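K.L.:
Structure below; questions to follow.
What follows is calculated from the coordinates using simple rules that are stated; it is not laboratory data. Here the structure is a predicted model, which means the values were calculated and not measured. Using ideal geometry, Cβ is built from the backbone for each residue, glycine included, and neighbour counts are taken over all protein chains shown.
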């Protein structure tokens, strides 16, 4: 492993630029730890201090990596920097089948970590998994053919997920939740942003589960069984108080079988179930066709534990060619849900367009 003391910033930038063709900007009192294929990413991460960058050269790395130091950046040089499983590796991240883990504790979130510009593929769990983080940024990451989630975050705040590609993962391409191991009310993400991502061929493109105060915007979702799921239940506070806007959601017509938690999926654009005070606006939703109870362009659906969706606003969306309808409200006992100003051809029940 090569280390460059960035007090000599111009010299370091010239060396890294000569090797890789480009170098990320680094402050004068920080260090860059450069890792080449065959060397240990984990060793470089463990040596890094807050503010440091671990820079991965193009090539394939076979290991799982755990980050619990605040303020570090783990970055590759684009899709040609590939992280794959090492089936013989020990440690909690590897044993859970995950590729890159960013893990805080219940007492202390790990703050300000960035994961960027690399590919994670072939893990039985998640490509990138984060828990107990504050201000995590995941950008320009390609998560492909992982067994559960492409990129996942639980019990975290102030997250930024931008310009990632999640394709052909077993469950959600992007999965954000309060926690999956215990019953709890929806958590406030304090403004997490999911934007400009591409989600293709997953079971669900983006799942937002038991969360509040979050924006899902300007994403492109196609070829999944379902595009966007906003999921709540009977716990308090309720899921919702979030925005789903300006997304392109087209032809999410892959067929996925029923699971213990969810009915069979096909042809779902945006589904709200057990959510409240959610704004769905400015989305373009086309060609999502299926025969599932959850099929349709924008679907309000009573949660599987019987919790209604309430005070959600569906406004200013453009919908075309979705079936059984562009707008579907099966949650007719939910109070205060409104459908206004949408451009669409058909609805169930009639009169929502």
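K.L.:
What's the ranking of 80-86, 332-338 by average number of surrounding C-beta atoms within 10 Å, highest first?
P.N.:
Ranking, from highest mean packing down: 80-86, 332-338.
K.L.:
Also, quick follow-up: Across bins of 5 angstrom width beginning at 0, how are the C-alpha pair distances of segment 74-348 distributed, in whole percent?
P.N.:
Reading upward from the zero bin: 1, 7, 14, 18, 20, 17, 12, 7, 3, 1, 0, 0.
K.L.:
Please rank 304, 123, fewest neighbouring Cβ atoms within 10 Å first, as an exposure proxy.
P.N.:
The order, fewest Cβ neighbours first, is 304, 123.
K.L.:
Determine the gain in length on full extension of the stretch residue 86-residue 196; use 0.36 nm per residue of separation and subtract their C-alpha separation, reporting nm with one decimal.
P.N.:
Extra length available between residue 86 and residue 196 comes to 36.5 nm.
K.L.:
Write down the percent of antiparallel bridges among all DSSP beta bridges whose residues are both part of the chain, to the nearest 5.
P.N.:
Looking only at bridges with both residues in the chain, the antiparallel portion is about 5 percent.
K.L.:
A further question follows. For segment 194-353, what D do you get in µm² per second when you plug the Kirkwood radius from alpha-carbon pairs into Stokes-Einstein at 37 °C and 0.692 mPa s?
P.N.:
So the translational diffusion coefficient is about 222 µm²/s.
K.L.:
According to a simple spin-label model (label point 7 Å from Cα along Cα-to-Cβ), what is the distance in nm between residue 79 and residue 255?
P.N.:
2.9 nm
K.L.:
While we're looking at this one, here's another question. How large is the helix-only mean residue ellipticity at 222 nm for the chain, computed as the sum of -39500 (n - 2.57) over DSSP H runs with n ≥ 4, divided by its residue count, in deg cm²/dmol to the nearest 500?
P.N.:
-1500 deg cm²/dmol
K.L.:
Roughly what angle does helix 9-20 make with the longest principal axis of the chain, taking Cα atoms, 0 to 90 degrees, to the nearest 10?
P.N.:
70 degrees
K.L.:
Rounded, prolate or oblate: which one fits segment 71-146, using the alpha carbon gyration tensor with axes a ≥ b ≥ c (rounded when a/c is under 1.5, else prolate when a/b beats b/c, else oblate)?
P.N.:
oblate
K.L.:
Let me ask something else about it. Which of rounded, prolate or oblate describes segment 198-253 when judged by the alpha-carbon gyration tensor and an a/c cut-off of 1.5?
P.N.:
Note, shape of segment 198-253 comes out oblate.
K.L.:
Provide the gained length on full extension for the span residue 263 to residue 36, in nm with one decimal, where the gain is 0.36 nm per separating residue minus the Cα-Cα distance.
P.N.:
Gain on extension, residue 263 to residue 36, equals 77.2 nm.
K.L.:
Among rounded, prolate and oblate, which fits segment 224-283 when a ≥ b ≥ c are the square roots of the eigenvalues of its C-alpha gyration tensor, a/c under 1.5 means rounded, and a/b larger than b/c means prolate?
P.N.:
Oblate is the answer for segment 224-283, as a/c is 1.5 or above yet b/c matches or exceeds a/b.
K.L.:
Hey, another quick one. Taking other Cβ within 10 Å of each residue's Cβ, how do 314, 270 sort, fewest first?
P.N.:
Lowest count first: 314, 270.
K.L.:
Please report 305, 160 as a ranked list, fewest other C-beta atoms within 10 angstrom at the top and most at the bottom.
P.N.:
Result, fewest neighbours first: 305, 160.
K.L.:
Under a crude label model (7 Å from the Cα following the beta-carbon direction), how far is residue 111 from residue 160 in nanometres?
P.N.:
The modelled label-to-label distance comes out at 1.6 nm.
K.L.:
A further question follows. In whole Å, how far is the Cα centre of segment 118-141 from that of segment 193-264?
P.N.:
Distance between centres, Cα-based: 17 Å.
K.L.:
I would also like to ask the following. Using label points projected 7 Å from each Cα along Cα→Cβ, tell me how many nm separate residue 139 and residue 43, to one decimal.
P.N.:
The two pseudo-label positions are separated by 3.0 nm.
K.L.:
Could you calculate the contour length gain from residue 320 to residue 179, that is, 0.36 nm times the residue separation minus the distance between their Cα atoms, to one decimal place in nm?
P.N.:
Extra length from residue 320 to residue 179 when fully extended: 47.2 nm.
K.L.:
What number, in percent, do you get for the relative contact order of the chain if the mean sequence gap of Cα pairs under 8 Å and at least 6 apart is divided by its residue count?
P.N.:
In percent, rounded to a whole number, it is 8.
K.L.:
Per residue, how big is the convex hull of segment 179-218 when only Cα atoms are used? Give it in Å³.
P.N.:
Hull volume normalised by residue count: 71 Å³.
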